[in-house]
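Remarks on the structure that follows.
A short reminder: the numbers here are calculations on the coordinates, not readings from a lab. If you're wondering where the values come from, they're calculated on a predicted model, not measured in any experiment. As a convention, Cβ positions derive from the backbone with ideal geometry for all residues, glycine included, and neighbour counts pool all protein chains shown.
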Amino acid sequence: MLLCLPGLQRSLDICSKFAVTHNVVFNVTKSQYMIINSKFDLIYHPTFHLNGSTLPYTKKYKYLGHTINPTLTDDDDVLRQTRSLYARANKLIRLSVRPSVS
């Protein structure tokens, strides 16, 4: 984790130089960045470049089945799990309540 924005760009430049010298290709279409906010939200989102391509900013990132957001809260995951639980419960209710044959 880098604490300054210029430090992140310097690290990306080092990665780009490494890729050129070691014949490594970064998939820039799958790369994105997120800025973890403190109490005060940034007014702007700076642009970062990797191998000459601009990296897109994202507000949510799904990692190993969990959603990461700039506030580091798990509200999105809790809502997703709650919806999944309700869907499974409703399916069980529909399967267990069969019309009686008279």
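Under a 10 Å cutoff between Cα atoms, tell me which one of ASN23, ASN51, ASN37 has the largest fluctuation in the Gaussian network model of the chain.
Taking springs between Cα atoms under 10 Å, the residue moving most is ASN23.
Relative to the longest principal axis of the C-alpha atoms of the chain, give the angle of the C-alpha long axis of helix 75-96, reported between 0 and 90° and rounded to the nearest 10°.
30 degrees
Spelling out what I want: for every residue of the stretch 6-19, take phi, set θ = phi - 60°, compute 6.51 cos²θ - 1.76 cosθ + 1.60 (Karplus), and round to whole Hz; glycine and proline get x.
Using θ = phi - 60°, the values come out as x, x, 5, 5, 4, 5, 5, 5, 5, 4, 5, 5, 4, 4 Hz.
Provide the gained length on full extension for the span LYS62 to LEU85, in nm with one decimal, where the gain is 0.36 nm per separating residue minus the Cα-Cα distance.
6.3 nm
So what is the calculated 222 nm ellipticity per residue for the chain, using -39500 (n - 2.57) for each DSSP H run with n of 4 or more, over all residues, to the nearest 500 deg cm²/dmol?
After summing the helix terms and dividing by the residues of the chain, the value is -13000 deg cm²/dmol.
Quick one: which residues, 5+ away or cross-chain, put their amide H under 5 Å from the amide H of ILE68? H built at 1.01 Å from N.
Amide H to amide H, under 5 Å and 5 or more residues apart or across chains, ILE68 pairs with TYR61, LYS62, TYR63.
Under a GNM of the chain (C-alpha, springs under 10 Å), which listed residue has the highest mean-square fluctuation: LEU55, LEU12, LEU79?
LEU79
Sorted from fewest to most neighbouring beta carbons within 10 Å, what does the list CYS4, CYS15 look like?
If I rank by nearby Cβ atoms, fewest first, I get CYS4, CYS15.
In what sequence do TYR44, TYR61, TYR86 fall when counting other Cβ within 10 Å, fewest first?
Ranking TYR44, TYR61, TYR86 by Cβ neighbours within 10 Å, fewest first, gives TYR44, TYR86, TYR61.
Pick from ILE35, ILE68, ILE14: which is most flexible by mean-square fluctuation in a GNM of the chain where alpha carbon atoms under 10 Å apart are linked?
Maximum fluctuation in the GNM of the chain, among the listed residues, is at ILE14.
With a point put 7 Å past each Cα toward its Cβ, work out how far LYS30 is from HIS45 in nm, to one decimal.
Modelled inter-label distance: 2.1 nm.
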